[in-house]
Amino acid sequence: LRPVLRPPVHDPAIGVVSRPALRYLAEMLVLDSPSAMKYIAAEDLAAWDVSADEAFDAAHRNLARSVTVTLDAARERADQPHPARLDDSGDHYVTSLPLVDGWLASLHRITGARPLVFPTSNSVLLLAYETTDPAEIAARIQDAEREWTDSARPICPAPIPEDDEGAVSLYE
């Protein structure tokens, strides 16, 4: 069971378990298997006899197990001016990592700069760092917009940081 960050589904007939994650984004649940990913519906939760909150908690714990790989990649690329591209082979759910409590704060501690992540598609997370140069931040946003526009399964071109209180939000 994993959480996924996606654009919200506005058609209730689709029936996926979902909750707001950030402005313009929702968090959904999927069941991952070696050959497929299945979105979870209310009927699945009823069959498992668990609440949505219990399922989301379990999904977050499962996702947190894959954090080490991405922290290592962040260390290797912290001084690069362009964003690091974290591609997902289908096993790490990199675009959902902003949902893991403390993940962005860990990147900040490792690199000394506030991370900005861009979940541009269901398989690509761009990772950049805040600077005092507005042109540099604008360039990173343009990089993300290009990725997002070219994606067959776009999520969001906006940077996602962690604010001073530790909450994940869209960059202002």
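A short reminder: the numbers here are calculations on the coordinates, not readings from a lab. Fair warning: this is a prediction, and the values are worked out from it, not measured in the lab. Positions of Cβ are generated from backbone atoms using ideal geometry, with glycine treated the same way; all protein chains shown enter the neighbour counts.
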Relative to a virtual label point 7 Å from the Cα of A46 in the Cα→beta-carbon direction, which members of region 1-26 show backbone nitrogen distances below 20 Å? 11-19
Evaluate the distance, in nm, between pseudo-label points positioned 7 Å from the Cα of D53 and of V67 along their respective Cα→Cβ axes. 2.2
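Provide the FRET efficiency to the nearest 0.05 for the E145-A167 pair, computing r from the beta carbons and using R0 = 30 Å.
So, using R0 = 30 Å, E works out to roughly 0.80.
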What number results when the radius of gyration of region 1-62, computed over Cα atoms, is divided by 2.2 N^0.38 Å? 1.06
Here the membrane-span-like helices of the chain, with no claim about any membrane, defined by DSSP H, Cα axial extent at least 20 Å and mean Kyte-Doolittle at least 1.0, are none
List the residues, sorted by chain then number, that are 5 or more residues from S121 or on another chain and whose placed amide H is less than 5 Å from its amide H. I155, C156
Can you tell me, using C-alpha contacts under 8 Å and at least 6 residues apart, the relative contact order of the chain as a whole percent? 19
Between A138 and A105, what is the FRET efficiency for a Förster distance of 25 Å, r being their Cβ-Cβ separation, to the nearest 0.05? 0.50
Would you calculate the separation in nanometres between label points at R23 and K38, each defined as 7 Å from the Cα along the Cα-to-beta-carbon direction? 3.7
In whole percent, the Cα-Cα distances of the chain spread across 10 Å bins from 0 upward as 10, 39, 35, 13, 3, 0
Could you work out the relative contact order of region 1-53? I mean the mean sequence separation of Cα pairs under 8 Å and 6+ apart, divided by the number of residues, in percent. 33
